[in-house]
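The values are calculated or read from the model by the stated rules, or taken from the named source; none is laboratory data. All values derive from a computational prediction rather than experimental measurement. Here the Cβ positions follow ideal geometry from the backbone for every residue, glycine too, while neighbour counts run over all protein chains shown.
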Amino acid sequence: MKKTLSLILSAVLLFALTACGTTSATYTIGILEYASHEAQSLAVQGFMDVLTEKLGDDVAFQKQHASGDANSATLIANNFVTQNVDLILCDNTQSVQIAASATATIPVLGAAVTDYAQALDVSLTSASTGINVSGTSDLAPLESQAAMITELFPEAKNVGLIYCSSEVNSLYQINFVQQYLLSKGISCMEFAFTDSNDLAAAVQSACEFSDVIYLPTDNTIAECTGIINDICYVAKVPVIAGEKGICSGCGVATLSIDYYELGKKTGLMAYEILVNGADISKMPIEYDENCIKMYNPTIAEELGLTIPEDYIPIE
């Protein structure tokens, strides 16, 4: 039965992609969306908007969603390669890894990938990957992000660090934040989970240990903020989040980038590759330097917290 469903899915995707490939546009871009995530959707929209503005009818997009399934993402990437699209855009770490495995020649751009060196197991040379992959990173300045914990909760002695063990970028953020907090004399403990099934247990354990919890930019966490908020609300443990979307769901505050603007920056990179012939292997990974301190008014009020005036409320 599973084999039959897989064959049906393959046929449907191949038909859809082939149908989309019938276009008079000069450039065809395959967009591989791995899972539903507000921040990444904004990045994809920014990417499409800036290229549509610059290229008009000369660009066509084939946007396919893998619904969080690695096999579906692999099938989509391979179909993009079969069609020989001009460029592949990926919305997160997993999709970049899958697309990079599918092709060594078609340019692959990532939008909102935290750490390309970790994700691709490459050494960055002059901030570029040296292969057919580049893009933008959603890594906010981690030291400034960690400093929010000591700024908002100066009496905190124990910080719980929750992350998904299958996401290498999450561990990178956790390690950095932990070292910063340890240097400030704050005790830290990691609470890793493998998927949404054991997330609740990790959050419960973290609440029992922590005065404050830190959540990195993590796709699984972003999809499960309701679970986290329900537990932390009862325990009255505040959360500092790695990005705005997570903070909206379960956090008190964040130092977040603008994912739409990050997508536009990625789109401009695509323009340089497609129109001006830029060599993607030599294109440095780009970052959004305009990070904003933001807070969740609802959760701050529930916890009785007074937030400094330089924090912007999340609407």
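Every residue, every condition in (1) under 13 Å from Thr266 (Cα atoms); (2) at pLDDT 95 or above; (3) among the β-branched types (Val, Ile, Thr); (4) not assigned by TED's automatic domain parsing to the domain that holds Val108, yes or no:
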residue	(1), (2), (3), (4)
Thr22	no, no, yes, no
Tyr27	no, yes, no, no
Gly30	no, yes, no, no
Leu42	yes, no, no, no
Val50	yes, yes, yes, no
Ala70	no, no, no, no
Val81	no, yes, yes, no
Val85	no, yes, yes, no
Cys90	yes, yes, no, no
Exercise. Would it be correct to say that Leu199 is closer than 21 Å to Tyr295 by Cβ and of a type in the set (A, V, I, L, M, F, W, C)?
Worked result: no
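Step by step: first the residues of region 249-267, then only those that are assigned to a strand (DSSP E or B) and among the aliphatic types (A, V, I, L, M), then the one that is nearest to Asp288 (Cα to Cα). Which residue is that? Before you say what the answer is, go through the steps one by one.
Taking region 249-267 as the starting set, the residues that turn out to be assigned to a strand (DSSP E or B) are 253-256.
Still in the running and among the aliphatic types (A, V, I, L, M): 253, 255.
On the way: Ala253: 19, Leu255: 12 Å.
Checking each candidate, the answer is Leu255.
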Problem set entry | Residues that are over 22 Å from Ala119 (Cβ atoms) and among the β-branched types (Val, Ile, Thr), drawn from region 206-253 | Val212, Ile213, Thr225, Ile227, Ile228, Ile231, Val234, Val237, Val239, Ile240, Val252
Seminar exercise, completed: Restricting region 232-248 to residues that are part of a helix (DSSP H, G or I) and among the aliphatic types (A, V, I, L, M), the one nearest to the chain's Cα centre (by Cα) turns out to be Ile246
For this session: For Lys265, state whether it is under 28 Å from Asn175 (Cβ atoms) and in the same structural domain as Thr52 (by TED's automatic domain parsing).
Result: yes
Exercise. If you go through region 57-66, how many residues are touching an Asp or Glu at 6+ places or on another chain (Cβ under 9 Å) and not in a strand (DSSP E or B)?
Worked result: 1
Problem set entry | Residues satisfying the stated conditions in region 96-129, i.e. surrounded by 14 or more Cβ atoms within 10 Å (Cβ to Cβ) and either free of Cβ contacts under 8 Å to residues at least 24 places away in the same chain or not aliphatic (A, V, I, L, M) (or both) | Gln97, Thr103, Pro107, Gly110, Thr114, Asp115, Tyr116, Ala117, Gln118, Val122, Ser128, Thr129
Seminar exercise, completed: With criteria (1) closer than 24 Å to Leu305 by Cβ; (2) small (Gly, Ala, Ser); (3) at pLDDT below 95, Ser196 comes up short on (1)
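Filter region 288-301 down to residues that are in contact (Cβ under 8 Å) with a residue 40 or more places away in the chain and not β-branched (Val, Ile, Thr), then give me how many there are.
Count: 7.
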For this session: Being more than 15 Å from Ala119 (Cβ to Cβ) and in a loop (DSSP other than H, G, I, E, B) is the filter; apply it to region 67-95 and report the residue that is nearest to the chain's Cα centre (by Cα).
Result: Gly68
Seminar exercise, completed: The correct count of residues that are surrounded by fewer than 18 Cβ atoms within 10 Å (Cβ to Cβ), assigned to a helix (DSSP H, G or I) and of a type outside the set (Gly, Ala, Ser) in region 272-302 is 6
Exercise. Of all residues in region 250-287, which are under 16 Å from Asp49 (Cα atoms) and free of Cβ contacts under 8 Å to residues at least 24 places away in the same chain?
Worked result: Glu272
Seminar exercise, completed: The correct count of residues that are in contact with a helix residue (DSSP H, G or I) (Cβ under 7 Å, 6 or more places away or on another chain), more than 20 Å from Ile31 (Cβ to Cβ) and assigned to a strand (DSSP E or B) in region 96-135 is 1
